[in-house]
Each structure stands twice: as structure tokens, then as C-alpha cells.
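To start, the structure itself, in C-alpha cells.
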Amino acid sequence: MKEELNYIGQKIINNRKILANSVAELQKNLYDSSQNYLIRYQDTDNNRASHLIELLGKSLIDKQQLSNEIVAWAKTEAGYLVDTISLTKALRSLAFYRTVIWDVFTEELEQQQFAALTMLDVSKIIDPLLDEISAVFGEVFQDHSNKLMKIAYTALEELSVPVVPINKNVAVVPLIGEIDTHRSQLILEVTMEESSKLKLEYLILDVTGVPVIDTMVADNLFKVIYALKLLGVETIITGIRPEIAQTIVSIGVNFKGVTTFADLPTALSSIDLKVVHQN
């Protein structure tokens with residue numbers, strides 16, 4: 001039995017280049033719409049496929065633990081595939097290795113009259129290795145997907161704090177929706193960065209679209225106002241609705257020292273008057 005496994009394993013290793021080309025031919029049909037992948041794959045001269053086939057052949061010869069090498073190959077291959085094809089196609093492409101190698105087994109079974117148990121032993125050795133690669137593929141593709149989602153979510157968050165320049169010295173931030181601790185930190189970071197970049201003198205936080213202003217929200221706004229003050233930016237709050245004002249008074253939030261206006265046009269008019277007066 002061992003001699004038969006050694007024979008098949010060595011044959012796989014000796015013919016790894018030919019088998020790799022066979023895998024590539026099968027993949028062409030699968031990747032017919034993924035030209036970028038085909039071009040990049042052909043440029044590597046099938047070295048990666050050949051390396052995996054060699055590892056599979058070695059596993060039959062001495063049954064050594066090749067898990068680390070298999071995982072390393074899988075991570076490298078998945079990293080190569082993740083930007084070019086879907087996980088479904090990647091897993092289907094992996095099945096081609098099994099197909100090509102089993103063709104060798106079938107040929108040897110007929111020519112050398114190997115025992116059926118030999119084929120079973122081959123399957124017990126190689127199948128778990130291919131399954132391990134499939135698991136790594138899944139992890140790499142999932143991590144990549146999570147990374148893309150995080151980037152998209154971050155971009156969406158930044159859009160939730162739009163800094164709209166009115167002129168070279170004034171900008172408005174129309175806030176819509178709830179302001180929790182995470183978003184308040186984002187407001188702080190974005191307003192400080194944009195205020196410094198635009199060299200603003202005034203920044204208007206319009207809270208017309210904020211449904212609730214409680215103690216926590218007010219405290220978060222105060223932190224933004226104080227931080228911007230350190231940059232030399234005067235912050236103005238507009239759009240506090242009557243019902244919101246009543247809530248603020250009832251919970252004892254003190255907006256003393258904070259410039260507020262009923263609406264945006266009034267605030268802009270006030271800034272123009274200040275500029276004229278200074279000139």
C-alpha cells in the first residue's frame with residue numbers, strides 16, 4: 001500500500017508542471033469573463049498551481065504534516081484571487097486540482113491494477129488538505145469583504161458630517177439625525193480637520209435636523225465648540241426648535257457663552273454684519 005502511494009505521489013510531483021497546465025486549461029473556461037485574472041495568472045507561469053500539486057504529491061509519499069505550507073499557499077493564492085474573482089469561482093477552481101489528480105489515479109489504477117483501498121487512502125490524505133484550503137479561502141475573502149464594508153461605512157459616516165463652505169471664512173455643517181458619542185467624535189474630527197484646511201473663522205452647526213438634544217448631546221456639542229475655539233474658529237449653533245429649547249431648559253442645560261441663532265439666514269446675516277463692522 002505504501003509503495004503504491006509513494007509511486008502515485010512521485011508521479012504527481014514529477015508531472016506537476018503538466019498537471020498545473022491542465023488545471024489552467026480548466027480554469028480558462030471558468031474565468032472566460034475575468035480577463036484580468038487570466039492575464040495575471042498566465043504571467044506567473046503556473047508556478048503557484050505547480051507548487052500546490054507538488055505539496056499534494058509529497059503528502060502521499062511520507063504523510064508528513066504539511067498544514068503550515070498548505071495554509072501559506074492558500075493565503076497567498078486567496079490574496080491573489082480576492083481582487084479578481086468571486087469566492088464561488090475561487091472554490092470551483094480549487095476543485096480542478098482534485099479533478100486533474102484523480103485523472104492520474106484513474107490511469108494508474110487501470111495500468112498498475114492498484115487496490116481500491118489505495119484510492120481510498122489517497123482521498124483520505126488529499127481531501128482534507130483541499131478542504132483546509134477552502135476554509136482559508138473563505139476566511140481571506142470574508143476579511144476582504146469586511147475591509148471593503150468598513151471603508152464604505154467610514155466614507156458614509158464622513159458624508160454624515162458635511163462641511164459646506166459659504167465663503168473663504170465661513171462654513172456650515174448641517175447635522176441630521178441622532179448624535180451619539182461615536183458620531184460626536186466624528187463631528188469633532190471632521191470639523192477640526194476641515195476648519196484648519198479651509199482656514200475658517202466661523203463654523204455654523206445647524207441642528208435643525210437633530211431630533212433630540214439632551215445632556216449628552218449638548219456636552220458633545222460643547223466639546224466641539226471648545227476644540228474649535230482653540231483653533232481660533234468661532235462656532236455658532238442654529239436651528240434649535242422651540243420644543244427642543246423647552247427640553248434644554250427643563251433638563252438644565254446651559255448654553256451660556258454659546259452663540260445661537262434661530263435659523264441659518266439670521267446667523268449668516270450676523271456674520272456679515274460683524275465682518276463689515278471689523279472693516
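The values are calculated or read from the model by the stated rules, or taken from the named source; none is laboratory data. As the structure is a computational prediction, the values presented were derived from the model and not from experiment. Ideal geometry is used to build each Cβ from the backbone, glycine not excepted, and the neighbour counts take in all protein chains shown. Accessible surface areas use protein heavy atoms only, side chains included; no ligands, DNA or RNA. Shrake-Rupley method; radii C 1.70, N 1.55, O 1.52, S 1.80 Å.
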With the condition kept exactly as written, say whether any residue in the stretch 214-231 is among the small types (Gly, Ala, Ser) and either open to solvent by 20 Å² or more (accessible area, probe 1.4 Å) or part of a loop (DSSP other than H, G, I, E, B) (or both). no
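Quick one: count up the residues across the stretch 47-76 that are of a type in the set (Asp, Glu) and surrounded by 15 or more Cβ atoms within 10 Å (Cβ to Cβ). Please lay out each step first, then the result.
Restricting attention to the stretch 47-76, the residues satisfying the condition of being of a type in the set (Asp, Glu) are 54, 62, 69.
Add one more test, that the residue is surrounded by 15 or more Cβ atoms within 10 Å (Cβ to Cβ), and what stays is 54, 69.
The total comes to 2.
Yes/no matrix, rows are residues, columns are (1) farther than 30 Å from residue 75 by Cα; (2) touching a strand residue (DSSP E or B) at 6+ places or on another chain (Cβ under 8 Å); (3) assigned to a loop (DSSP other than H, G, I, E, B); (4) modelled with pLDDT under 75:
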{"position": "114", "(1), (2), (3), (4)": "yes, no, yes, yes"}
{"position": "120", "(1), (2), (3), (4)": "no, no, no, no"}
{"position": "127", "(1), (2), (3), (4)": "no, no, no, no"}
{"position": "134", "(1), (2), (3), (4)": "no, no, no, no"}
{"position": "147", "(1), (2), (3), (4)": "no, no, no, no"}
{"position": "158", "(1), (2), (3), (4)": "yes, no, no, yes"}
Give the residue that is modelled with the highest pLDDT, with candidates limited to residues of the stretch 239-255 that are surrounded by 14 or more Cβ atoms within 10 Å (Cβ to Cβ) and more than 17 Å from residue 220 (Cβ to Cβ). 241
Kindly check whether there is at least one residue in the stretch 181-203 that is touching a residue at least 24 places away in the same chain (Cβ under 8 Å), open to solvent by 40 Å² or more (accessible area, probe 1.4 Å), closer than 18 Å to residue 234 by Cα and of a type in the set (Lys, Arg). yes
If residue 240 satisfies every condition in (1) in a loop (DSSP other than H, G, I, E, B); (2) farther than 18 Å from residue 172 by Cβ but one, which is the exception? (2)
Between a residue in the stretch 65-85 that is within 15 Å of residue 54 (Cβ to Cβ) and any residue that is of a type in the set (S, T, N, Q), which pairs come within a Cβ distance under 8 Å, given they are 6 or more apart or on different chains? 66/59
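If a residue has to be of a type in the set (Asp, Glu) and part of a strand (DSSP E or B) to count, how many in the stretch 171-213 make the cut?
1
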